[in-house]
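The values are calculated or read from the model by the stated rules, or taken from the named source; none is laboratory data. From a predicted model like this one, the values you see are computed outputs, not experimental measurements. Backbone-built Cβ (ideal geometry, glycine too); neighbour counts: all protein chains shown. We work out accessible area using only protein heavy atoms, side chains counted, and drop any ligands, DNA or RNA first. Shrake-Rupley method; radii C 1.70, N 1.55, O 1.52, S 1.80 Å.
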Amino acid sequence: MLRVLAMVSGGGTNLQAILDSVESGVITNTEIVGVISNKPDAYALERAKKSGVQGVCVSPKEYTDREQFNEALLAKVEEFHPDLIVLAGFLVVLPAMLIEKYENRIINIHPSLIPSFCGKGFYGLKVHEAALARGVKVVGATVHFVDEGTDTGPIILQKAVDVQSGDTPEVLQRRVMEQAEWKILPRAIDLIANGKVTVVNGRAVIAE
Ligand code: GRF
């Protein structure tokens, strides 16, 4: 069984998609062993509780400096002994030590087709605002491994979503979640849990 630790900051709809997919058998060979939030009031923690998954908060506000927070975060991660860390809307820059230690064992969901609308400053609604401002006709989401850069790691899965006339950033965000994020994130976890994803020369190779 793949031991998955999810890291969250907000509403946790992606976390919910993962929990539901484990429950329904869309994700196989996987146990969600815990959820870490950097915000005590993240609704994602409530979702974890409802599913009987241990949820904990590690907030930067409880530490005097970044280094201490990073150490506490790493220590908490290690307590769960994860095989895979899933960033499901985790809005904290990961400590370099964590990225190094879990190379090719951390994945992230990003709400655009990387390399469009990604990198520093592109998170949440800003991604969808930028896509609408540019007038693109197709957007989407990407699941990728996390490396030391911002949204630069090997791409595992992508799914395209059409922009429709009259879209607002909020409407587009919701469609990207429903049609892409909630599908490809569980799918990527299932592929990894079943040994179908390898990284070769910095690229993710999928054996389907
Ligand atoms: C999603 O749009 C995800 O792509 C981004 O953060 C958002 C998280 O939403 N990384 P939720 O907390 O899963 O509802």
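Hey, could you check region 158-173 for residues that are out of contact with any strand residue (DSSP E or B) (no Cβ under 8 Å at 6 or more places or on another chain) and among the small types (Gly, Ala, Ser) and say which is least open to solvent (accessible area, probe 1.4 Å)? Of everything passing the filter in region 158-173, Gly166 is least open to solvent (accessible area, probe 1.4 Å).
Among the residues of region 67-76, is there at least one that is within 16 Å of the ligand (Cβ to nearest atom), surrounded by 15 or more Cβ atoms within 10 Å (Cβ to Cβ) and either under 18 Å from Trp182 (Cα atoms) or not aromatic (Phe, Trp, Tyr) (or both)? For region 67-76, residues within 16 Å of the ligand (Cβ to nearest atom), surrounded by 15 or more Cβ atoms within 10 Å (Cβ to Cβ) and either under 18 Å from Trp182 (Cα atoms) or not aromatic (Phe, Trp, Tyr) (or both): absent. When both residues are 6+ apart or on different chains and their Cβ atoms are under 6 Å apart, which pairs have a first residue that lies in region 115-129 and is outside any helix (DSSP H, G or I), and a second that is among the polar types (S, T, N, Q) and buried (at least 16 other Cβ atoms within 10 Å of the Cβ)? Between residues of region 115-129 that are outside any helix (DSSP H, G or I) and residues that are among the polar types (S, T, N, Q) and buried (at least 16 other Cβ atoms within 10 Å of the Cβ), the close pairs are Cys118/Ser112; Gly119/Thr150; Lys120/Thr150. Is there any pair linking a residue in region 14-40 that is over 15 Å from Met1 (Cβ atoms) to one that is surrounded by fewer than 24 Cβ atoms within 10 Å (Cβ to Cβ) and of a type in the set (Asp, Glu), with Cβ under 9 Å and at least six apart or on different chains, and which? Qualifying pairs under 9 Å: Val26/Asp20; Val26/Asp190. When we screen Val4, Val58, Val8 for residues that are open to solvent by less than 20 Å² (accessible area, probe 1.4 Å), within 24 Å of Tyr123 (Cβ to Cβ) and without any contact (Cβ under 8 Å) to a residue 24 or more places away in the chain, the only hit is Val58. Among the residues of region 15-43, those that are under 21 Å from Ile192 (Cβ atoms), open to solvent by less than 10 Å² (accessible area, probe 1.4 Å) and within 12 Å of the ligand (Cβ to nearest atom) comprise Leu15, Ile18, Val35. When residues in region 189-208 are screened for being out of contact with any Phe, Trp or Tyr (no Cβ under 8 Å at 6 or more places or on another chain) and not in a helix (DSSP H, G or I), 13 of them pass. Does region 80-115 hold any residues that are β-branched (Val, Ile, Thr) and loosely packed, with under 15 Cβ neighbours inside 10 Å, and which are they? The answer is Val93, and nothing else.
Scanning region 133-157 for residues that are in contact with a helix residue (DSSP H, G or I) (Cβ under 8 Å, 6 or more places away or on another chain) and either open to solvent by 50 Å² or more (accessible area, probe 1.4 Å) or at pLDDT below 95 (or both) returns a single hit, Glu148. Within region 157-176, the set of residues being within 14 Å of the ligand (Cβ to nearest atom) and assigned to a strand (DSSP E or B) comprises Leu157, Gln158, Lys159, Val161.
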